[in-house]
Structure formats: structure tokens, C-alpha cells
Amino acid sequence: MTQRNISCWVVSEGLTGTENQCLGIADALGVSPTVKRIKLRFPWKQLSPYLRCGHQWAFDSAGDSLAPPWPDLVLASGRKSIAAALHIKRQSNGKTLVVQVQDPRIPARLFDLVTVPQHDPTRGDNVIITTGALHRVTVAKLAEEAAKFPLLQELPAPRAAVMIGGNSKAHRLTEENAAALAARLQELAEDYSLMITVSRRTPPACLDILQKTLADNPRVYFWDGSGANPYFAFLECADILLVTEDSVSMTSEAISTGKPVYTIPMEGGAARVNKFHHLLQTQGYTRILPQEGTLESWHYTPPQDTAAIAAKIQALLEERVNT
């Protein structure tokens, strides 16, 4: 079985962060998947993934349908996708290779393959451990995106990309945080050209503080959300990366570049996310942004998690053909 004739579904509840992890694997496999965004009915919606029976009645018609012909491969991610993954595995009589991305919080043996980041607890013979979250960042993609923003490459080097998130379940970006960060960035702009982007989760008041503080600085390129998104171009054009600690996804994408990555502290935290950052720091990928002084440079081998998982899936698919 070659990549060209693999039929593949990406199954999610429609959240961009989880869906992109599956799409990254599909990209690495060289397949064009059909994306299935599902919705669950009561009580599966409330009890997923622990309610593992009656899946034929679990899916709301407001979501995409799950019906034969079943694909060769399912890449599923997110808590609500688990019911769909188990349903497809059962209904296809094992024809479909079912890969669950992220910790399913139920036994891994229920799936053909599970991939979890190292800060999550699930382990097993069919579990692949990754450094962080999977993503769609590749060398080719970054070069392609950077070519769309020639202005960035004209900014004087060295250049620092600053990726700012916002409020989440675990973290908060307060106005006090924003003011302190703006002052720190103003200081760093003495030595770096800054390329700054914010998130949909960035509180408007915090965005206003950042923009007003940095607006008149000629060494700052601040993407205001209009026009094409230069996020991937930032990753390519930067010499150093600064990422707020709320986002596992942005941090994982940043370390895939092999460039120095500084974590910007925020209010709050959670055991799982704290463990993620602690592991990256002890493994030499990231450092905490110091409150003052110059930035340092260091080297590490960037993780190749997405490519490794794609290779494992390809091998499993070929085994099925040959048995």
C-alpha cells in the first residue's frame, strides 16, 4: 500500500489545535484526508471517553456522518473523537487502522496506535511518546510562508519572534502581565527587531497595552490580525523565539525550528502544562525569559515526532497488506 492510495479520515470535534495534529500526520504521510467533525449526543457528550457502549446512537446529525465505506486509516484527536474512533474500529471489523492522537484516558489497547506527549501519563506497547504536541510545521512550509512576507526578511537582524497567547483554563494574561511584557519587549527592541503576533485569546485590554507601548518603535513589526497571517513566516525569519507559556502547541511548533525558545511566564498554571515546560527546560529545548538583560543562544536537535509517527503508521499499514 502506497501513500497515494491510502484512504484516510481525520476525526475531531472541530478544535483547530487538535485537528492540526492529525493533519500534520496526514501531511507527513502524503495523503489528503477527509475531515470529519463530529458532535455527540447526551449522554456520550458528557461522559466521553468513559461511556464505551451504544456508539451507534452517540452521534448528533449536526455533525458529519460516519458511514461505510470505512477508510484504511483514521487519525482521531480530542476527547469527543474517542467515541467515533472506537465506533469505526468496531464497525470496520478491524479493517481500519485507528490512531488516537493525545491521551485518551482509557486503555491504549482499545486502539491500534496511540500517540501522547511525554507529559501525559498513558503508556503501553502500542503507545508512541512525543516531545510535545504534533503540528504541521516543516522546513518546506516555513520557507514557503516566509517568501510571502519579504518585508520580514528586510528587518535588521537579529530578529526575535514573539508569540503571545492569552487566557486559557490554566493561565491568565492580566493587564499587569501585559504592561510588564511590553516594557521588557521595548527593552529587547534595542538589540532585536521584534515580530509580534497575538492570539484570539489575548484580552483586548492587554492587546491595547502592548500596541500603545510598542506602536512608535521602528524595530517592532506588530501583526494586528488583518490580512494574511505571518505566524509561520515569523518562525522562519526569527533568530530567537519568545512564546507565552499558555500554549503547548505554539511551544511545540517553536522547538521544531531548532532555534532558541524562551518561555514567557503568565499568571496561573496546571500540573500537566507545568510538567510540559519543566521537561522541555531540563532537556535543553527552552529557557524561561529573564526579567532583564540580554538573551542567549543555544543549540539542540529539534524533535521529529510527526515524521516518526507517520513512518510507524506507514509500516503498520504495509504489515496489514502483507498479512
Could you calculate the contour length gain from LYS212 to ASP191, that is, 0.36 nm times the residue separation minus the distance between their Cα atoms, to one decimal place in nm?
5.6 nm
Per-pair calculated FRET efficiency, R0 = 30 Å: ARG200 and CYS53 via Cβ, rounded to 0.05
0.20
Label selected from (1) 38; (2) 31; (3) 23, the criterion being percent of Cα pairs over 33 Å apart as computed here
(2)
Angle, helix 16-29 long axis vs. longest principal axis of the chain, Cα atoms, 0 to 90°, nearest 10?
70
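Could you order LYS259, LYS275, LYS212 so the one with the most accessible surface comes first? Probe is 1.4 Å.
Details: LYS259 40, LYS275 95, LYS212 145 Å².
Largest accessible area first, the list is LYS212, LYS275, LYS259.
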When the chain is treated as a GNM, springs tying every alpha-carbon pair under 10 Å, which of ASP305, ASP239, ASP208 comes out with the largest mean-square fluctuation?
ASP208
Estimated dipole of the chain in Debye, rounded to 20 [Cβ of Lys and Arg +1, of Asp and Glu -1, Cα centre]:
1600
In the chain, what percent of the accessible surface is made up of carbon and sulfur (1.4 Å probe, ligands and nucleic acids excluded)?
51
Which aspartates and glutamates, if any, have their Cα less than 20 Å from the Cα of LYS148, not counting same-chain residues under 8 positions apart?
ASP224, GLU236, ASP239, GLU253
Treating cross-link reach as a plain straight distance, find the lysines whose alpha-carbon is under 29 Å from the alpha-carbon of LYS80, omitting any fewer than eight places away in the same chain.
LYS36, LYS39, LYS45, LYS89, LYS95, LYS169, LYS275, LYS312
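Using a 1.4 angstrom probe on the protein heavy atoms only, could you order TYR262, TYR231 from most to least accessible area? List each step's numbers first, then the result.
Numbers: TYR262 10, TYR231 30 Å².
Of TYR262, TYR231, the descending order of accessible area is TYR231, TYR262.
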Shape of the range 93-237, Cα gyration tensor, a/c cut at 1.5:
prolate
Calculated from DSSP H runs of 4 or more alone, at -39500 (n - 2.57) each and per residue, what is the 222 nm mean residue ellipticity of the chain, nearest 500?
-10000 deg cm²/dmol
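Using only Cα atoms, figure out Rg for the range 1-84 and give it as a multiple of 2.2 N^0.38 Å.
Working: Rg = 13.1 Å, N = 84, 2.2 N^0.38 = 11.8 Å.
In units of the globular-protein estimate, the range 1-84 measures up at 1.10.
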Over its alpha-carbon atoms, the range 174-243 yields an Rg and a Dmax in Å of 11.7, 30
With a 10 Å cut-off between alpha carbons and a GNM built on the chain, which of ALA183, ALA238, ALA83 moves the most?
ALA183
Please compute the net charge surrounding GLY166, taking Lys and Arg as +1 and Asp and Glu as -1 over other residues with Cβ under 10 Å from its Cβ.
+2
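For ILE288, ILE6, write out the residues from largest to smallest accessible area, computed with a 1.4 angstrom probe and no ligands counted.
Details: ILE288 95, ILE6 15 Å².
The ranking, largest first, comes out as ILE288, ILE6.
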For the chain, the longest principal axis of the Cα atoms and the Cα long axis of helix 271-282 enclose an angle in degrees, to the nearest 10, of 60
Could you list the GluC sites (Glu not before Pro) in the range 182-272 that lie in coil according to DSSP, counting only those with at most 12 other Cβ atoms within 10 Å of their Cβ?
GLU190
Expressed in square angstrom to the nearest 10, the accessible area of LEU241 with a 1.4 Å probe stands at 0
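With a Förster radius of 25 Å, plug the Cβ-Cβ distance of SER7 and LYS39 into 1/(1 + (r/R0)^6) and report the FRET value to the nearest 0.05.
Values: r = 23 Å, r/R0 = 0.92.
In this case the efficiency is close to 0.65.
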Loop only per DSSP, at most 16 neighbouring Cβ atoms within 10 Å: give me the GluC sites (Glu not before Pro) in the range 276-323, ordered by residue number.
GLU292, GLU296
Under-5 Å amide H pairs with VAL11, H placed in peptide plane, nonlocal only:
LYS36, LEU75, ALA76, SER77
Provide the solvent-accessible area of GLU176, counting protein heavy atoms only and rolling a 1.4 Å probe, rounded to the nearest 10 Å².
150
Taking the 0 to 90 degree range and rounding to the nearest ten, how far is the long axis of helix 81-91 tilted relative to the main principal axis of the chain, both from C-alpha atoms?
20
Cα-projected label distance for ILE288 with ALA62, points at 7 Å along beta-carbon direction, nm
4.3
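The values are calculated or read from the model by the stated rules, or taken from the named source; none is laboratory data. Quick caveat: nothing in here was measured; it's all calculated off a predicted structure. Cβ coordinates were reconstructed from backbone atoms using ideal geometry, including for glycine residues, and neighbour counts include every protein chain displayed. These accessible areas exclude ligands, DNA and RNA; they are computed on the full protein's heavy atoms, side chains included. Shrake-Rupley method; radii C 1.70, N 1.55, O 1.52, S 1.80 Å.
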